[in-house]
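First the structure, in the form of structure tokens, and then the observations on it.
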Amino acid sequence: MMRANKARDTRPEKRIRSLLHKAGLRYRVNTRPLATLRRTADVVFPAARVAVFVDGCYWHGCPEHYRPARANEQFWREKIDGNRARDRETDQLLSDAGWTVVRIWEHESPVEASDRIKEVVRGPTPPAGDVPPAV
């Protein structure tokens, strides 16, 4: 049964990647941001040093949707707590190395998530009325 859980190319990942590609952004998929760190990000922008992780609500303990398992409760609690701790450690290690980490829950709107990623990769865009005069 566990083999049925995809580690990459999940539906939320594919939708977000499609929107990013349509916006003209190019990225690497399922790769290590740091060669020395044995963890892969779902989407990586090497030049901008941005690593995106699309986290599953169950496996990463979403505060909104996670429901603890009833069978083998202690094992699953330790598993999910370990995943959360690894996520925090990954965020810290990447941050210390100069990377920006974007974490997205699988339940988030792909459009909103891709907009958030675009803003991080490209930087914030000024409001429409704040265009500097041409010189």
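For the chain, the Kirkwood hydrodynamic radius comes to 16.5 Å, computed from all pairs of different C-alpha atoms.
Of all stretches in the chain that contain no chymotrypsin sites (Phe, Trp or Tyr not before Pro) in a DSSP loop with at most 16 other Cβ atoms within 10 Å, the longest one is 67-135.
Note on the chain: dipole from Cβ charges, positive end direction compared against VAL101, ALA35, PHE75; the farthest Cα belongs to ALA35.
Considering only LYS14, LYS118, LYS22, the Gaussian network model of the chain with Cα springs below 10 Å gives its largest mean-square fluctuation to LYS22. Between 0 and 90 degrees, the angle of helix 11-22 with respect to the longest Cα principal axis of the chain falls at about 10 degrees.
Roll a 1.4 Å probe over the protein chains and send me the accessible area per residue for the chain in Å². On a per-residue basis, 68 Å². For the chain, the longest principal axis of the C-alpha atoms and the axis of helix 73-96 are separated by about 30°. Summary value for the chain: 25 percent relative contact order, contacts being C-alpha pairs under 8 angstrom separated by 6+ residues. Of PRO110, PRO12, PRO63, which has the largest mean-square fluctuation in a 10 Å C-alpha GNM of the chain? Of PRO110, PRO12, PRO63, the most mobile in the Gaussian network model is PRO63. DSSP beta bridges fully contained in the chain are about 50 percent antiparallel.
To the nearest ten degrees, helix 110-122 and the longest principal axis of the Cα atoms of the chain are 60 degrees apart.
Largest GNM mean-square fluctuation across ASP42, ASP55, ASP81, computed for the chain with C-alpha springs under 10 Å, falls on ASP81. Averaging 1/r over each pair of different alpha-carbon atoms in the stretch 8-47 and inverting the result gives 10.7 Å, the Kirkwood hydrodynamic radius.
A 1.4 Å probe over all protein chains sorts ARG8, ARG28 by accessible area into ARG28, ARG8, starting with the largest. Surface calculation, 1.4 Å probe, protein heavy atoms: GLU64 sits at approximately 110 Å² accessible. Each residue of the stretch 56-65 is assigned a 3J(HN,Hα), and the resulting list reads x, 4, 6, 5, 10, x, 3, x, 8, 10 Hz, derived from the Karplus form 6.51 cos²θ - 1.76 cosθ + 1.60 (θ = phi - 60°), x at Gly and Pro.
The values are calculated or read from the model by the stated rules, or taken from the named source; none is laboratory data. From a predicted model like this one, the values you see are computed outputs, not experimental measurements. Backbone-built Cβ (ideal geometry, glycine too); neighbour counts: all protein chains shown. To get the accessible areas, we keep the full protein, side chains included, count just its heavy atoms, and leave off ligands, DNA and RNA. Shrake-Rupley method; radii C 1.70, N 1.55, O 1.52, S 1.80 Å.
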